[in-house]
Structure formats: C-alpha cells, structure tokens
Amino acid sequence: MKILAIESSCDDTAAAVVEDGRKILSSIVASQISDHKKFGGVVPEIASRLHAECIGAVTEAAMRKAALDYDMLDAVAVTFAPGLIGSLLVGVNFAKGISMAASLPLVPVHHLRSHIAANYITHPDLEPPFLALVVSGGHSHLVAVDDYTVFRVLGRTRDDAAGEALDKAARAMGLAYPGGANLDVLAKDGNPHAFSFPHPQVDGSPLDFSFSGLKTAVVNLLHHAQQKGETLDAKDLGASYIWAVTDCLLKNTRTALEQTGFSKLVVAGGVSANSVLRRRLQELCAKNGVELYLPSLNLCGDNAAMVGAQGYYELKKGNIANLSLNATASLSIDYN
Ligand code: KG4
Ligand code: ZN
C-alpha cells in the first residue's frame with residue numbers, strides 16, 4: 001500500500017511516499033530555518049506563507065522521486081493536529097485537493113503519533129505495545145502505546161517542553177535558532193557537572209515534567225554573571241544544562257518503565273536527536289534489560305515519512321476523513 005504523506009505543522013514543508021508504513025520510497029523536507037533565524041524563532045505568519053509557496057513543488061518532487069503517478073497511490077495522509085494553525089491548514093487543504101482530484105482516501109494524522117511512527121521505519125520489526133518518550137519542541141510526554149492507534153498519556157509537561165527549555169536556554173546564551181541542536185554541538189566537550197541546576201519534580205505526579213524552573217535558573221545564572229562582569233564557560237554551562245534536562249527525562253522514564261513493566265522503550269521527537277539523551281537512555285535501558293528504539297537521526301525532526309508510517313496504520317484502522325476535515329492547533333495524542 002503506497003501513501004503520499006504531507007507535513008506542515010511547524011516550519012518544515014515535507015512530502016513523502018511510504019510503502020506499507022515501513023519503507024520510504026521518497027522523502028523531501030524543505031526547511032524554513034534560514035527565514036526564521038533572524039527572528040530567533042518561528043514566526044507563524046511567515047511559516048504559513050512559505051508552506052503555501054512551496055508545498056506544491058515539494059509534493060511534486062516526492063512523487064517524481066518515487067517514480068509514481070497519483071493513480072498508483074492508495075491514500076493521502078496529512079498532519080492535521082497539533083501545531084501552528086496557519087501552517088497546518090496549508091497541508092490539510094492541499095491534501096484535500098489531492099484527495100478530491102485523485103479520488104484517494106484522506107487520512108488525518110496526529111503529529112506526535114507520527115513522531116513515534118518514525119521508529120517503525122527505522123526499526124522494521126518494532127510493534128506495539130511499548131512505552132514512548134515523546135520529546136519535541138512543543139511537547140514532552142510519556143505515553144503507553146498499546147496498539148498502533150491506541151495511546152494512553154501517562155505523563156506530560158506542566159509548563160515548557162524539553163525542546164522549548166533547550167531552545168530558550170540556547171537563546172539566552174546567544175546561540176542561533178534552532179537552539180537545541182546548536183547547544184548539543186557546543187556542549188559536546190563541556191563538563192556536565194560544572195554547574196548545578198534544580199531538578200524540578202511535580203508533587204504527587206512522578207511521571208509529569210516541569211522545565212520552566214530550569215530555564216529560569218540558567219537565565220538567572222547568566223544575568224548574575226553579567227552583572228558581576230564575569231564570563232561563564234559556555235561549553236560547561238551548556239553541558240550542565242543538558243545534563244539537568246536529561247536527568248529529568250531519565251528519572252520519569254525509569255519510573256514509568258517500573259510502573260508499567262513495558263520491556264520496550266521508543267523515543268520520538270526532535271529532542272531524540274540529542275547526543276547526551278541518546279547515550280544516557282542507552283545506558284539506562286542496558287542496565288534495566290529494556291530494549292531501546294531510537295529513530296535514525298534524519299527522522300528525529302519533522303518530516304513526512306513518519307506521517308506516511310502512521311497514516312498506514314490509521315488507514316488500516318479505518319480512520320478516514322471527508323473533505324470537512326479541519327486543522328486543530330491543540331489535540332491530545334489519545335483522541336478518538
Ligand atoms: O519534533 P520537532 O522537530 O518539532 C516539533 O514538533 O516541535 O522538535 C524540535 C525541537 C526543537 O526544540 C529543537 O531545538 C530540538 O527539537 N532539537 C534538539 C536537537 N535537535 C533538535 N534538541 C536537542 N539536541 C538536538 N540535537
Ligand atoms: Zn515535530
């Protein structure tokens with residue numbers, strides 16, 4: 001079964017053709033980073049306009065690379081939630097047009113479900129049930145994935161997402177957008193124990209995250225140093241901060257594994273590219289006899305191949321939309 005997939009939830013315009021949910025026939029991602037860089041973050045209005053400008057060419061390129069005509073496809077899948085509403089609408093409306101013109105079923109795909117599904121491409125043998133740690137720019141979740149389309153949220157962030165916490169610290173340190181990835185590179189040889197940071201926990205909810213206190217702590221450190229005319233070692237500061245963020249992620253993940261008894265851990269979302277997180281999760285899982293599944297680096301960030309992977313399982317489940325499908329800025333992963 002061949003699915004054309006479209007993704008435009010944030011600042012990447014992407015299209016892909018995926019076979020049977022596991023095999024990439026083509027995958028094109030047009031990044032808008034250079035357009036948003038000068039603003040220090042994504043500007044929603046600019047993002048949606050750029051999506052509209054290039055979604056046609058990106059989709060054509062994906063179809064050409066897969067060497068397919070539209071009548072050889074079985075469905076068109078599209079990210080419909082959650083994300084920037086203007087950006088989502090571009091993809092949803094474009095997919096509706098293809099669905100109507102080529103008489104293809106229209107499959108709505110939840111963005112976080114698709115991040116998890118990136119692992120079905122990287123690991124062709126992976127099947128639910130498993131525990132998923134979803135860490136992106138907008139979300140930090142611990143999710144029980146009972147089946148391909150059955151999700152239970154076990155923990156979520158009460159304030160900032162892990163990616164947001166990394167991006168904001170990176171920005172405070174003067175690094176260019178996208179901060180999380182740049183901080184990872186900068187901190188590579190830094191001392192992770194040079195600075196101590198709080199390890200915020202949510203009282204009574206051991207699986208929930210809170211990162212806003214960490215972010216405030218790094219901003220305060222930088223301000224105090226500035227007032228005293230001191231310069232902090234950026235590598236050490238970055239490494240210590242990443243250590244603190246990953247400490248929080250690891251702690252709750254360990255608790256969730258203990259509570260649920262899952263023997264497989266799947267990691268998903270842009271922050272799963274972080275080198276320290278990947279290494280520390282490998283150590284955690286090796287120590288606890290848990291099988292770890294990390295997405296390949298090219299599938300950690302936003303892309304459409306992962307939408308095609310999840311779209312396949314949504315289609316098999318009969319989750320097909322009609323042309324009244326709307327984009328939704330905010331929707332929990334366990335929606336029905
Ligand atoms: O999943 P994603 O591409 O977009 C959302 O759905 O939000 O995630 C983007 C997030 C950003 O916060 C970015 O800084 C972070 O992923 N990120 C990283 C790395 N690469 C991307 N964070 C830490 N280390 C990285 N290597
Ligand atoms: Zn994403």
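The values are calculated or read from the model by the stated rules, or taken from the named source; none is laboratory data. Everything quoted here is computed from the prediction, not taken from an experiment. Methodologically, a virtual Cβ is constructed for each residue, glycine included, from the backbone with ideal geometry; neighbour enumeration extends over all protein chains shown.
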- Message: Looking only at residues that are within 17 Å of L175 (Cα to Cα) and crowded, with 19+ Cβ neighbours inside 10 Å in segment 207-220, which one is modelled with the lowest pLDDT?
- Response: K215
- Task: Output yes when any residue across segment 44-52 is of a type in the set (S, T, Y), in contact with a helix residue (DSSP H, G or I) (Cβ under 6 Å, 6 or more places away or on another chain) and not in a helix (DSSP H, G or I), and no when none is.
- Result: no
- Item | Leading residue by the ranking (surrounded by the most Cβ atoms within 10 Å (Cβ to Cβ)) among those in segment 177-196 that are in a loop (DSSP other than H, G, I, E, B) and under 25 Å from the mean Cα position of the chain (by Cα) | P178
- Checked segment 42-58 for anything of a type in the set (V, I, T), in contact with a Ser or Thr (Cβ under 9 Å, 6 or more places away or on another chain) and at pLDDT 95 or above; matches are I55, V58
- Task: Scan segment 280-312 residue by residue and report those that are of a type outside the set (A, V, I, L, M) and under 24 Å from I55 (Cα atoms).
- Result: N298, C300, G301, D302, N303, G308, Q310, G311, Y312
- Item | Candidates E53, E60, E19, filtered to the one that is in contact with a Lys or Arg (Cβ under 7 Å, 6 or more places away or on another chain) and farther than 26 Å from D167 by Cα | E19
- Task: Go through A144, A61 for me and flag whichever is away from ligand 1 (no atom under 16 Å from the Cβ) and more than 22 Å from the chain's Cα centre (by Cα).
- Result: A61
- Note on the structure: Going through segment 216-231 in order, the residues found to be in a helix (DSSP H, G or I) and of a type in the set (G, A, S) are A217, A225
- Message: I'd like to verify a number: residues in segment 283-336 that are part of a loop (DSSP other than H, G, I, E, B) and modelled with pLDDT of 95 or more, how many?
- Response: 28
- Task: Scan segment 277-309 residue by residue and report those that are surrounded by fewer than 18 Cβ atoms within 10 Å (Cβ to Cβ), over 19 Å from G261 (Cα atoms) and not basic (K, R).
- Result: S296, L297, N298
- List the pairs whose first member sits in segment 180-205 and is free of Cβ contacts under 8 Å to residues at least 24 places away in the same chain, whose second member is crowded, with 17+ Cβ neighbours inside 10 Å and in a helix (DSSP H, G or I), and whose Cβ atoms are under 6 Å apart, counting only residues at least 6 apart or on separate chains? N182/A170
- Query: In segment 147-181, which residues are in contact with a helix residue (DSSP H, G or I) (Cβ under 7 Å, 6 or more places away or on another chain), within 14 Å of ligand 1 (Cβ to nearest atom) and of a type outside the set (A, V, I, L, M, F, W, C)?
  - Reply: D160, G163, D167, K168, R171, Y177, P178, G179, G180
- Query: If you scan segment 256-273, which residues turn out to be of a type in the set (D, E, K, R) and either within 16 Å of ligand 1 (Cβ to nearest atom) or touching an Asp or Glu at 6+ places or on another chain (Cβ under 6 Å) (or both)?
  - Reply: K264
- Note on the structure: When (1) of a type in the set (S, T, N, Q); (2) out of contact with any strand residue (DSSP E or B) (no Cβ under 6 Å at 6 or more places or on another chain); (3) crowded, with 16+ Cβ neighbours inside 10 Å are applied to T253, the one that fails is (2)
- Collect the residues in segment 14-41 that are in contact with a Ser or Thr (Cβ under 9 Å, 6 or more places away or on another chain) and either away from ligand 2 (no atom under 16 Å from the Cβ) or touching a residue at least 60 places away in the same chain (Cβ under 8 Å) (or both), keeping them in residue-number order. A14, A15, A16, V17, V18, I28, V29
- Consider only pairs whose beta carbons are under 6 Å apart and that are at least six residues apart or on different chains; among these, list those whose first residue lies in segment 272-294 and is over 16 Å from L131 (Cβ atoms) and whose second residue is part of a loop (DSSP other than H, G, I, E, B) and within 15 Å of ligand 1 (Cβ to nearest atom). A273/C300; R278/L294
- Query: Restricting attention to segment 249-261, does a residue exist that is modelled with pLDDT of 95 or more, outside any helix (DSSP H, G or I) and of a type outside the set (D, E)?
  - Reply: yes
- Task: Would you please name the residue that is nearest to P129 (Cα to Cα), looking only at residues in segment 149-176 that are assigned to a loop (DSSP other than H, G, I, E, B) and within 16 Å of ligand 2 (Cβ to nearest atom)?
- Result: A161
